[in-house]
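The values are calculated or read from the model by the stated rules, or taken from the named source; none is laboratory data. Every value quoted in this text rests on a predicted model; they were computed, and no experiment measured them. All Cβ positions, glycine included, derive from the backbone under ideal geometry; neighbour counts span all protein chains shown.
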Amino acid sequence: MITPETIDRVREAADVVQIIGEHVNLKRMGADFRGACPFHQGKHRNFSVSAKRGIYYCFVCQAGGDVFNFLQKHLGLDWPSSVRYVAERAGIEVRETDARASAPDERDPLWEVNSAAAEFFCRTLWEESEGKPGREYLASRSLTREDADEFELGFASRNAEAMRSHLGALGYNDDRLLAAGLLARREESGELHPRFRGRLIFPIHDASGRHAGFGGRVTGTGEPKYLNSPDTPAFSKTHLLYNLHRGKQAIRREDRVLVVEGYTDVVRVASAGINWVVAPLGTAFTTEQAALLRRFTRNVLLLYDSDRAGLKATFRAADELLSHEFSVQVVTLPEGEDPDSFVARNGREALLKAIGQAIDAFERKIQLLERGGWLSDLQKKRRALDRLLPTIRLTKDALTRDLYLTRASEVTGVRKELLQREVDAPGGRPVSAPVAGRDEKRSPRITNRAYGGNRPRAPDQGASAERELVRVMLHYRDEIEHIAERVGPGDFHEESYRAIFEALLDSDPSTALDEVTDLVPPHAVDALRPLVEEPDVVMDVRKTVDDCLRRLECRTIQARFTELEGLQSGASDSTKDDYNRERGELQKRSARLGCKGTVGKASRSME
C-alpha cells in the first residue's frame with residue numbers, strides 16, 4: 001500500500017497541466033487551460049484543466065477529478081499505478097507498506113468543516129450587513145472583490161451564534177467545530193464561543209489545496225492583530241505556507257519563490273501577477289517549511305518589511321534556508337515600505353525591478369554591518385565576525401560556504417584560514433539574525449567561542465552586571481536600543497537573564513510589564529518577578545548602563561585571555577604570532593576600560 005503521506009507529496013508536486021497536456025492538446029484560456037474532451041471525443045474546447053486547483057472538468061459530459069483519476073480513466077491504470085506514473089514525473093520515490101487496508105484519514109472531517117466555514121465567511125463578507133467592516137477594510141487597502149474572491153477572503157462577524165448555527169444546520173456538531181478550532185472553550189465557565197470574531201478571514205490551505213485552517217485579522221483596534229487557527233491534525237502553522245497551493249506550479253516554472261511576511265502582502269503581490277509568492281503563518285521560518293519548499297525550488301528571494309523587525313525576520317529566515325542548501329537573496333524596498341504598500345503605490349513592474357536588484361543574503365548582512373560602522377575598527381570587527389561566522393556554519397552548500405568565508409576575510413582583514421578554524425571548531429553553535437543579534441526560537445544559543453564561550457565557567461563575576469542591565473531595560477525602555485547596540489544574547493551567561501533580555505528585544509517598548517512576563521519562558525519567570533517588583537529608581541541610568549557594559553566587556557576580554565593561554569601550547573609559529581597580536585589588542589582594550597583581574601598574569605604566562 002502506498003502511504004497517505006506519499007500520496008499527498010505526489011499530489012502536491014504534480015503538474016496537472018503538464019501531465020494531462022501529454023494526452024490532450026491544451027491552450028491557456030484565462031487562468032485555466034482548455035482542450036477537446038478525450039472522454040466523449042469532443043471537438044470543441046469544453047474540457048478545462050485548473051492548475052491552481054489541480055483538477056480537470058468537462059462541461060459537456062461532466063467528467064472530472066484530479067490527475068490520478070484522469071490517468072485511471074484515460075489510460076486504464078489502477079490507483080497505485082496512477083500514483084507511480086505521476087511520482088516518476090515529479091521525481092518522488094514511492095515506498096509502499098505491507099498494510100492490506102488503510103484507515104480513513106482523520107483529517108477528512110476537519111477539511112470538510114473548514115471548507116464549509118470558508119464559504120460561510122465569504123458569504124458574510126459580501127452578502128451580510130455584518131460584513132461591512134471587512135468590506136471597508138478591503139476598500140481602504142484598494143483590494144477589489146476579484147482580488148478577495150481569488151483568495152476566498154471572508155469575514156467573521158461579532159455575532160457569536162451566526163457561524164455555529166449555520167454549520168450546525170449543515171450537520172456539523174460542536175465537537176467537530178471544536179476539533180477544527182472554529183470554536184473554543186472558555187476556561188472559567190466551559191462555555192463555547194467562536195474563535196474568530198470581527199476579523200477579516202484568510203483561509204489557509206495545505207499544498208494540495210485542502211482547507212487546513214484560517215488566519216484572522218482585526219479590521220479595527222484590538223489584539224492580537226492576527227489570530228490563526230490552533231494546532232489540529234489538519235493545521236500546523238509551522239508546517240504550512242500561505243498560498244503554496246496556488247503558487248506551486250508557478251514556483252516550479254520560475255524555479256524561484258518570493259517569501260513575504262504577511263497574508264495581505266501575498267494577496268497584493270499575487271494580484272499584481274507575481275504568483276510565485278508565499279508567506280509563513282506569522283512565525284519564524286521553520287525547518288518544516290524549508291523542507292516543503294524544497295519540493296519546488298532551491299532559490300528563495302526574501303521580501304520582508306524594511307524596518308528593524310523586518311530585518312530580524314529576514315536573517316532568521318535566511319539562516320534557516322541556508323541550512324537546507326537553498327540559494328537565498330534579499331530584496332530591499334525603500335525605508336518605510338512593505339510589499340503591500342509598495343506594490344499598491346508603484347505596481348508590478350517596480351516590484352520586478354526591485355527583485356532584479358536582489359543581493360545574496362550574506363552580502364546584505366555585510367552591507368548592513370558596514371553601514372552601521374561594525375567594520376570600522378578592531379573591536380567592532382570582532383563583534384561583526386561573531387555575527388557572520390554563525391551564518392557560515394549554518395550554510396550547508398560547500399561552495400557557498402567557501403565563498404562566504406572568502407568574503408568575510410576580505411571585509412575584516414582576518415586570514416581565511418583563521419576564520420575556517422573558527423567555523424570548524426567543536427562546539428561552535430549558530431545564532432540567527434546576525435544583524436539583530438538573537439534567535440526567535442531561543443535555541444541554539446550563541447556561545448561566542450572566540451571569547452571563551454566554551455570554557456568551563458568559574459562563578460560568574462558579571463552576573464550582577466547582567467541583572468542590573470535587565471532591570472534597567474525593564475523600567476527604562478528607552479535604554480533598550482542603546483544596550484542592544486553593545487551586547488547580544490551571547491554576552492549573557494545566566495540563562496534566565498539572557499531569556500529576559502531576548503524577550504525585551506522582541507517586544508515593543510510600549511508593551512506593559514505584565515505582558516512582557518508572558519513572553520518570557522517559564523524557567524526565567526522566577527528571575528523576572530523580583531526585577532519587576534523592585535523600585536525602578538536608578539540615580540544615573542546611563543552611567544549605570546555604561547558601567548555594566550564595561551564589566552561585561554572586561555569579563556569577555558579575560559575569557560579570551562584564558563582561552564588563548566590554552567591554545568598557545570602546540571600551536572604553529574605563525575598561529576602563535578596571530579595569538580600574540582590578538583593578545584596585544586586585548587591588553588590595550590583592557591587598559592582602556594580599566595579592567596581589574598588577572599589579565600596581566602595571563603598575558604605574561606604566554607610569553
| query | Does Ala313 fit the bill of being in a helix (DSSP H, G or I), surrounded by 21 or more Cβ atoms within 10 Å (Cβ to Cβ), in contact with a Lys or Arg (Cβ under 9 Å, 6 or more places away or on another chain) and among the hydrophobic types (A, V, I, L, M, F, W, C)? | reply | no
| task | Only one of these is farther than 16 Å from Gln289 by Cβ and touching a strand residue (DSSP E or B) at 6+ places or on another chain (Cβ under 6 Å): Val331, Val343. Name it. | result | Val331
| message | Just checking: which of the helices (runs of 4 or more DSSP H) contained wholly in region 449-506 hold 2 or more residues that are aromatic (Phe, Trp, Tyr) and either modelled with pLDDT of 85 or more or surrounded by 22 or more Cβ atoms within 10 Å (Cβ to Cβ) (or both)? | response | 495-506
| request: List the number of the failed condition for Ala139; all other conditions in (1) in a loop (DSSP other than H, G, I, E, B); (2) of a type outside the set (Val, Ile, Thr); (3) exposed (fewer than 15 other Cβ atoms within 10 Å of the Cβ); (4) out of contact with any strand residue (DSSP E or B) (no Cβ under 9 Å at 6 or more places or on another chain) hold. | output: (1)
| query | When region 21-54 is examined, which residues are found to be within 24 Å of Ala207 (Cβ to Cβ) and either among the polar types (S, T, N, Q) or surrounded by fewer than 19 Cβ atoms within 10 Å (Cβ to Cβ) (or both)? | reply | Gly21, Glu22, Arg28, Gly30, Ala31, Asp32, Ser48, Ser50, Lys52, Arg53
| Taking region 237-266 on its own, how many of its residues are farther than 26 Å from Leu311 by Cβ and touching a residue at least 40 places away in the same chain (Cβ under 8 Å)? | 6
| query | Which members of region 243-271 meet the condition of being assigned to a loop (DSSP other than H, G, I, E, B) and over 14 Å from the mean Cα position of the chain (by Cα)? | reply | Asn243, Asp255, Arg256
| query | If we scan region 68-89, do we find a residue that is touching a residue at least 12 places away in the same chain (Cβ under 8 Å), touching a Ser or Thr at 6+ places or on another chain (Cβ under 9 Å) and part of a loop (DSSP other than H, G, I, E, B)? | reply | no
| message | Against the condition surrounded by fewer than 17 Cβ atoms within 10 Å (Cβ to Cβ) and at pLDDT 95 or above, how does Arg123 come out, does it pass? | response | yes
| said: Just checking, does region 294-305 include any residue being at pLDDT below 90, outside any loop (DSSP other than H, G, I, E, B) and touching a Phe, Trp or Tyr at 6+ places or on another chain (Cβ under 7 Å)? | reply: no
| query | For region 338-349, what are the residues that are surrounded by fewer than 18 Cβ atoms within 10 Å (Cβ to Cβ) and closer than 19 Å to Val259 by Cβ? | reply | Ser341, Arg348
| Residue under evaluation Lys248, criteria (1) farther than 25 Å from Arg176 by Cβ; (2) surrounded by fewer than 19 Cβ atoms within 10 Å (Cβ to Cβ); (3) basic (Lys, Arg), criterion not met | (2)
| task | Please state which of the following conditions Ala559 fails to meet, knowing it meets all the rest: (1) part of a loop (DSSP other than H, G, I, E, B); (2) at pLDDT 75 or above. | result | (1)
| remark: By residue number, the members of region 274-297 that are free of Cβ contacts under 8 Å to residues at least 60 places away in the same chain and among the hydrophobic types (A, V, I, L, M, F, W, C) are Trp276, Val277, Val278, Ala279, Phe285, Ala290, Ala291, Leu293
| Tell me, which residue of region 368-419 that is farther than 26 Å from Ser306 by Cβ and among the acidic types (Asp, Glu) is surrounded by the fewest Cβ atoms within 10 Å (Cβ to Cβ)? | Asp377
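Given the residues Ala361, Ala279, Ala318, Ala290, which is the only one that is surrounded by fewer than 20 Cβ atoms within 10 Å (Cβ to Cβ) and in contact with a helix residue (DSSP H, G or I) (Cβ under 7 Å, 6 or more places away or on another chain)?
Residue meeting the stated conditions: Ala290.
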| message | Looking at region 282-293 only, could you name the residues that are hydrophobic (A, V, I, L, M, F, W, C) and more than 8 Å from the chain's Cα centre (by Cα)? | response | Ala290, Ala291, Leu292, Leu293
